[in-house]
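Remarks on the structure that follows.
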Amino acid sequence: MPFTPIHMGPGILIKSLLQGSFSLMVFGWTQIIMDIQPLIVLLSGEGHLHGFTHTYVGAILIAIFAALTGKYLSELGLKILKISKTNNLISIAWWVVFLSAFIGSFSHVLLDSIMHADVEPFFPFTLDNKFLGLISVSVLHKLCLYTGLVGAAIYYGINWKMKMKRKL
C-alpha cells in the first residue's frame with residue numbers, strides 16, 4: 001500500500017458497521033505507526049522495508065502502543081474538532097480503543113502481505129507469506145477504495161436516518 005490512506009477504506013466500512021464501538025481515529029493512528037518503520041527505511045536506504053512492524057507479532061506490540069497513546073490523542077482531537085454535544089471531553093472506552101488498534105494493525109499486515117513480497121507476516125515462526133498474490137494489487141486497491149466509499153455511504157445514511165427520527 002502506498003502508505004496509510006489506502007488502508008483507511010476498510011476502517012471506514014468497519015466504522016459504519018460498528019459505529020460507536022469502533023474508533024476510526026485510533027484505527028488511523030495505528031496505520032500511521034505501522035508505516036513509520038518503512039518510511040525510515042525509504043528515507044535512510046537502510047533496513048528491511050517491511051520488517052518486524054509488518055509481522056503479526058509486531059502488530060500486537062504496535063496495537064498496544066497505538067491504543068495506549070491513541071486513546072488520549074483521539075479524545076483530544078475530538079475536543080479540538082468540537083465533536084461533542086457539550087463542552088465535556090468525549091471519552092473513548094478502553095475496549096473500543098484496543099479493538100480499533102488491533103483491527104488496524106492486523107488488517108494492515110494482511111493487506112500489505114497480499115501485495116508486498118518482502119512481508120513475512122508470521123515471522124519468527126515462518127518466513128512464508130501465503131497471502132502474497134491472493135488477489136491482484138489492482139483489485140486490492142479497488143477493494144480498499146470501494147470499502148471506504150460503501151462505508152462512508154452507510155455511515156452517513158445511518159446518521160441521516162437517526163437525525164430524521166430525532167426530528168419526529
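What follows draws every value from the coordinates through simple rules; no lab data is involved. For clarity, every value in this text was computed on a predicted model and none was experimentally measured. Glycine gets a Cβ as well: all are built from the backbone with ideal geometry, and neighbour counts include every protein chain shown.
Okay, here's what the table says:
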| read-out | value |
| --- | --- |
| Least to most buried among Glu46, Glu120, Glu75 (fewest other Cβ within 10 Å first) | Glu46, Glu75, Glu120 |
| Of the trypsin sites (Lys or Arg not before Pro) in segment 84-155, those whose Cβ has at most 11 other Cβ within 10 Å and which sit in DSSP loop | Lys85, Lys130 |
| Among 65-71, 123-129, 102-108, 161-167, the order from most to least packed when residues are scored by Cβ within 10 Å on average | 102-108, 65-71, 123-129, 161-167 |
| Cα-based reach from Lys163 at 28 Å (exclusive), listing lysines while leaving out same-chain residues under 8 positions away | Lys15, Lys71, Lys79, Lys82, Lys85 |
| Relative contact order computed over segment 19-133 (Cα-Cα under 8 Å; 6+ residues apart), in percent | 33 percent |
| Helical mean residue ellipticity (222 nm; -39500 (n - 2.57) per DSSP H run of 4+; nearest 500) of the chain | -22000 deg cm²/dmol |
| Helix runs (DSSP H) in the chain reaching 24 Å along axis by Cα, Kyte-Doolittle at least -1.0 | 56-80, 94-115, 137-167 |
| Computed magnitude of the charge dipole of the chain (debye, nearest 20; Cβ of K, R +1, Cβ of D, E -1) | 1420 debye |
| Charge sum, other residues only, whose C-beta stays under 12 Å from Val96's C-beta, Lys/Arg counted +1 and Asp/Glu -1 | +1 |
| Inter-probe distance in nm under a simple model that places probes 7 Å from Cα toward Cβ, at Asn159 and Thr126 | 4.3 nm |
| Euclidean distance of C-alpha centroids, segment 106-138 and segment 12-63, integer Å | 14 Å |
| Extension gain (nm, one decimal) between Leu73 and Leu39, 0.36 nm per residue minus Cα-Cα | 10.1 nm |
